[in-house]
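My questions will all concern the structure given below.
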Amino acid sequence: MDLLESSCRVAFAALIHDLGKFAQRAEKSGASRFPRDKLDGNFTTYCPFREEGGYHSHHHAAWTALAFDELEDKFPDVINADCYPFASRKQGEDITDSLINAAAAHHKPDSFLQRIVAEADRTASGFEREEFEKYNTLEDKTDTGRNHFQARLLPLFEQLLQKKAEKAPDLKFRYPLKALSPAGIFPEKRELCEPSDDVKAQAEYKELWDAFVKGLEKIPASHRASWALWLDHFDSLWLAYTHAVPAATSFGVKPDVSLYDHSKATAALAVALWRHAHDAAGRGGEETVRDMWDPDAAEEKKYLLIQGDFFGIQDFIFAEGSQTNKNAAKLLRGRSFQVSLFSELAALKILETLELPPTSRILNAAGKFLIVAHNTPKVKEQLEEIRQEFNTWFLQHTFGLAGIGLAWEPARRIDFCGKHNEKSRFEELLQTLFESLEKTKYQRFDLCRRSDVVVRADFTHGVCKWQGKLPADGEAGGNDGGDSGKSCALSRDQLLIGKSLVQRTRVLVVRENDADRLHGDKCELPVFGYRIMFAEDRDVRGDFGALAASGALRRCWDFSLPQNMEAPLWDGCARRQINGCVPHFSQTFAGDFSKKQYGKEAAEEIKPGALKSFTHIACEDREPDTAPDAPPDRLQGQIALTVLKGDVDNLGTIFKEGLSGAEGQKPTFAKSASLSRQLDSFFSLYLPALCAEKYPDVYTVFAGGDDFFLIGPWLSTQKLAGRMAEEFSRYTAHNPELHFSAGMVMKKPGSPVYSLADEAEEALGRAKKNDGKNSFCLFAAVASWAQWSELERAEKELGRLEKHYKLSTGFLYSLLYLLDLSLKEDRHPEASIWRSGLAYNTARMLERRRRPPLTPAERRQAQREIADFLGGTGIAGLKQTFRIPLFNHLYRQRR
């Protein structure tokens, strides 16, 4: 018996238990593609019967079975093959306990496996038994006034941190019923996307359902031989087409949790519940069924929540060596990708060691992951061994500069649901888990318990030129930049990754002993017993099909950027949002005038398709010189980078109070997972797509979870920051309590790598100190995002005045002194002299103007206009934030 395969089948049954909701809503109004007798038979088998009304309720359960039959040939064999723990026709078992019945009978459960799915379903929703029984008796209707065809998913963001719970009909936004795409994750006004009639509503579902079925056919057939590999693909497909489908349309609930998030939570809980019964209790059947529904069972700690966190991210990404700046852009992107990749591999190591399916990993974002397992002594022993393995690996290969911390906490059903009429304890569970992880960070590598040598270092070959704290290994790797033996495998892999991100779209993961079967761009360093290779989709479907069929291929991930803002994020392979925008020269780059802007040395490095260095990027905001006497090929504008670092404000409060701050709100496991996924999607999904489409010269060093770090041309990156603030407000349904702060610093392209992170972090800290946060810091000036448009208008007006009155460079620079002087006025009255200084400088500048000369009347008009803007709007009005438009204007004129 293969426990991993068996656990995957249980997960799949739970994941698709509400498949019927999707399929039923996709039916044409007033018609059905299934015979009436088949529908009636399924109603009898799977749907509760209401004696008082003489009808079957919860028809979607019957539709789950119907849809399963329709799609069965596209799934791994769940009928005739070994289907343990479910019944198999081939083995002549009672098909009452089949996988399809376990999935469809969750509202009318009878057998042990059916009860497993039903129990997980209600736990994910936060129902206690009495609530669940009541839920089973109510009709399919939401409290939005729409039925199950018409109702669209409510944004959680609109409801967060509100003192008074809004009734669903009063909420202004809904998610459009579209496949997952960068544009499709944004809520829209209710009147624009929530139909009021069934015909239009069902037509939208039909279009989405047809795309889902077609997408299912894209999963390579050879991958069905491995349940875990196939289920990982299906999980991404399910996300792509059900992220905006509301899970609940009855019990008078707000439809604010997607079918995907509810299904994913149900699958994870079902597997943990089944494995606990299988591994710990060693029993099944009626005895276990009775125990499951016994009130005392709610107190039994059957679940184990496992959280992992990559610590030391900044030290890892921004480490320096003698040659770091030479390939800084490629190294930073490779290291950032490694953070996400190592976190994925750490989660995979835990899943495979505990023989859990990919759906048991609920979250993985920004180096953090959450896994739901079964709580047994054996599992805890295995986790301790894995923790030691992680520690050993990071000590050996990073000297402890980075690592992955693990923490776990047992949980009861009551921790997810709470007792009847009692506040849920789920928040307390998450807080306890968070505190355990924080404690683990301060005990990293168990150094206080060790008396031996922590790690032996061999610097025979000197230090790695890319990471000066690690020893070179003397090996001649293909990615060491032509200086053989002066690097380490970790750095060479980082360079390989940095190159592969623009040339490949897939990551293949095999166990270390199968690495010889990989031929291509393969990383040198084994990670937690796995080897990594980069490939194209055609390779996965062709050359590596046999690798999948044999079971050697453990995972295959699509990390490609979206083709455009509207394109569904599904191409037949499990997706991971771990890539970012990587500036590179197009394959058709012609050179000529554009090539001259980079300077002779940087221009020699230009090749079609090659990555852009920081030097190239720093030149991208230069423009043709507008001076009348300028040569046609002369450029103006500062050669510089802007480093942009930011994160969401008050994140702890959002998760601690956001889901329960208003009266009547109740946090649930699925709802919490949904909020985390949606918050991450803005930064890991939308932001890289936005950069690729509108800001292609901005490097996404990392973006995910609640934070981001970008490096790009000095002015374009500023504009991107303003666009991000605007888009984040739209993404969060314009909830004034949800916002982020950011720090920006302007740097030369040759600046030390670590200084980029340090100074950006310092700027972010200053922005966070602003009242209410929701701010940015640039040129040492702090402003709220609400001021962004005002500052842009000021810069535009400054440019107009400079052009119209030919303001001299010296005069503009004198404004910086006068601005600094004005900021001292409150403490030093004599500083008020700045006003007379401005008047004097303006008069002198206008007097010296010769071409064309101004009449006295024109000069007085100019004096008033310049003084009103620079002295009134600028220095006195914008105060210290006037630095921003002033510096931007000056830097744009640099020659």
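The values are calculated or read from the model by the stated rules, or taken from the named source; none is laboratory data. Because the structure is a prediction, the values reported are computed rather than measured. When we count neighbours, we look across all protein chains shown, and the Cβ atoms used for this are built from the backbone with ideal geometry, even at glycine. For the accessible areas, the whole protein counts, side chains as well, though only heavy atoms, and no ligand, DNA or RNA atoms are used. Shrake-Rupley method; radii C 1.70, N 1.55, O 1.52, S 1.80 Å.
Tell me, which residue of the range 624-640 that is acidic (Asp, Glu) and closer than 28 Å to Gly750 by Cα is modelled with the lowest pLDDT? Please lay out each step first, then the result.
Within the range 624-640, the first condition is being acidic (Asp, Glu), and the residues that meet it are 625, 629, 633.
Keeping just the survivors that are closer than 28 Å to Gly750 by Cα gives 625, 633.
Details: Asp625: 85, Asp633: 79.
Only one residue fits best here, namely Asp633.
Which condition breaks for Ser789 when tested against (1) closer than 30 Å to Gly765 by Cβ; (2) surrounded by 14 or more Cβ atoms within 10 Å (Cβ to Cβ); (3) among the polar types (S, T, N, Q)?
(2)
Quick one: count up the residues across the range 818-854 that are at pLDDT below 85 and either more than 21 Å from Glu802 (Cβ to Cβ) or open to solvent by 50 Å² or more (accessible area, probe 1.4 Å) (or both).
7
Further question: (1) more than 32 Å from the chain's Cα centre (by Cα); (2) at pLDDT 90 or above; (3) open to solvent by less than 10 Å² (accessible area, probe 1.4 Å): which one isn't true of Gly591, the others all being true?
(2) is the only condition that Gly591 fails.
Within the range 552-573, can you find the residues that are open to solvent by 20 Å² or more (accessible area, probe 1.4 Å) and under 28 Å from Ala515 (Cβ atoms)?
Arg554, Ser560, Leu561, Asp571
If we keep just the residues of the range 855-882 that are touching a residue at least 12 places away in the same chain (Cβ under 8 Å) and among the basic types (Lys, Arg), which is surrounded by the most Cβ atoms within 10 Å (Cβ to Cβ)?
Arg859
Where the second residue is of a type outside the set (Ser, Thr, Tyr) and the first is without any contact (Cβ under 8 Å) to a residue 24 or more places away in the chain and lies in the range 379-407, which pairs have Cβ atoms under 6 Å and are six or more apart or on separate chains?
Final answer for the pair search is Arg387/Leu406.
Still on this model: Give the number of residues within the range 690-709 that are surrounded by fewer than 22 Cβ atoms within 10 Å (Cβ to Cβ) and closer than 25 Å to Leu259 by Cα.
So the answer is 2.
For a quick check of your reading of the model, give me the residue pairs whose first member lies in the range 195-219 and is more than 13 Å from Glu27 (Cβ to Cβ), whose second is in a helix (DSSP H, G or I) and open to solvent by less than 60 Å² (accessible area, probe 1.4 Å), with beta-carbon atoms closer than 6 Å and at least 6 apart or on different chains.
Pro195/Ala201; Phe212/Tyr241; Gly215/Leu237; Leu216/Lys74; Ile219/His233
Take the residues of the range 215-264 that are in contact with a Pro (Cβ under 7 Å, 6 or more places away or on another chain) and open to solvent by 20 Å² or more (accessible area, probe 1.4 Å): which is nearest to His107 (Cα to Cα)?
Ala248
Please determine, by comparing only the residues of the range 501-538 that are among the polar types (S, T, N, Q) and closer than 24 Å to Ala549 by Cβ, which one is surrounded by the fewest Cβ atoms within 10 Å (Cβ to Cβ).
Top of the filtered list is Asn513.
Tell me the residue from Ala366, Ala347, Ala373 that is within 30 Å of Glu320 (Cβ to Cβ), in contact with a strand residue (DSSP E or B) (Cβ under 6 Å, 6 or more places away or on another chain) and at pLDDT 95 or above, please.
None of the others qualify; the one that does is Ala347.
If you don't mind, there's one more thing I want to ask. List the residue pairs whose Cβ atoms are under 7 Å apart, where the first residue sits in the range 327-352 and is within 10 Å of Ile578 (Cβ to Cβ) and assigned to a helix (DSSP H, G or I), the second is at pLDDT 90 or above and among the basic types (Lys, Arg), and the two are 6 or more positions apart or on different chains.
Within 7 Å, the pairs are Glu344/Arg576.
Further, regarding this structure: Within the range 710-717, does at least one residue satisfy the condition of being surrounded by 23 or more Cβ atoms within 10 Å (Cβ to Cβ), at pLDDT 95 or above, polar (S, T, N, Q) and outside any loop (DSSP other than H, G, I, E, B)?
Scanning the range 710-717 turns up at least one residue that is surrounded by 23 or more Cβ atoms within 10 Å (Cβ to Cβ), at pLDDT 95 or above, polar (S, T, N, Q) and outside any loop (DSSP other than H, G, I, E, B).
Related question: Could you list, in sequence order, all residues of the range 501-536 that are modelled with pLDDT under 85 and among the basic types (Lys, Arg)?
Passing the criteria: only Arg517.
A follow-up question, please. Which of the residues belonging to the range 171-210 are assigned to a loop (DSSP other than H, G, I, E, B) and among the hydroxyl-bearing types (Ser, Thr, Tyr)?
The answer is Tyr175, Ser181, Ser196.
If the Cβ limit is 7 Å and pairs must be 6+ apart or interchain, which residue in the range 780-805 that is at negative phi pairs with which residue that is of a type in the set (A, V, I, L, M, F, W, C) and not in a helix (DSSP H, G or I)?
Within 7 Å, the pairs are Ala783/Phe776; Trp785/Phe776; Leu791/Ala783; Leu801/Leu807.
Just to check your reading of the model, which residue among Gly498, Gly478, Gly482 is at pLDDT below 90, open to solvent by 20 Å² or more (accessible area, probe 1.4 Å) and closer than 23 Å to Gly529 by Cα?
Every option except Gly478 fails the conditions.
Which one is nearest to Phe394 (Cα to Cα) among residues in the range 451-473 that are touching a residue at least 60 places away in the same chain (Cβ under 8 Å) and open to solvent by 30 Å² or more (accessible area, probe 1.4 Å)?
Within the range 451-473, the match that is nearest to Phe394 (Cα to Cα) is Val455.
I've got another one for you. Search the range 1-14 for residues that are hydrophobic (A, V, I, L, M, F, W, C) and pair each with any residue that is at pLDDT 95 or above and open to solvent by 20 Å² or more (accessible area, probe 1.4 Å) when their beta-carbon atoms are under 8 Å apart and the residues are at least 6 apart or on different chains.
Close Cβ pairs satisfying both conditions: Leu3/Glu355; Leu4/Glu352; Leu4/Glu355.
For Phe75, work out the one condition from (1) open to solvent by 30 Å² or more (accessible area, probe 1.4 Å); (2) modelled with pLDDT of 90 or more; (3) within 16 Å of Trp227 (Cα to Cα) it doesn't fulfil.
(1)
Right, another one. Any residue at all in the range 4-20 that's closer than 21 Å to Gly551 by Cα, touching a helix residue (DSSP H, G or I) at 6+ places or on another chain (Cβ under 8 Å), aliphatic (A, V, I, L, M) and surrounded by fewer than 20 Cβ atoms within 10 Å (Cβ to Cβ)?
Yes: one or more hits.
Next up: When the range 729-754 is examined, which residues are found to be within 21 Å of Arg883 (Cβ to Cβ) and either in contact with a Cys (Cβ under 7 Å, 6 or more places away or on another chain) or open to solvent by 10 Å² or more (accessible area, probe 1.4 Å) (or both)?
Selection gives Gly743, Met744, Val745, Met746, Lys747, Lys748, Ser751.
In the range 37-52, what residues are open to solvent by 50 Å² or more (accessible area, probe 1.4 Å) and modelled with pLDDT under 85?
Passing the criteria: Asp37, Lys38, Asp40, Phe49, Glu51, Glu52.
Now a separate question. Can you find a residue in the range 797-804 that is touching a Lys or Arg at 6+ places or on another chain (Cβ under 9 Å) and surrounded by 13 or more Cβ atoms within 10 Å (Cβ to Cβ)?
yes
Asp309 versus (1) open to solvent by 10 Å² or more (accessible area, probe 1.4 Å); (2) in contact with a helix residue (DSSP H, G or I) (Cβ under 7 Å, 6 or more places away or on another chain); (3) assigned to a strand (DSSP E or B): which is the lone unmet condition?
Unmet condition: (1).
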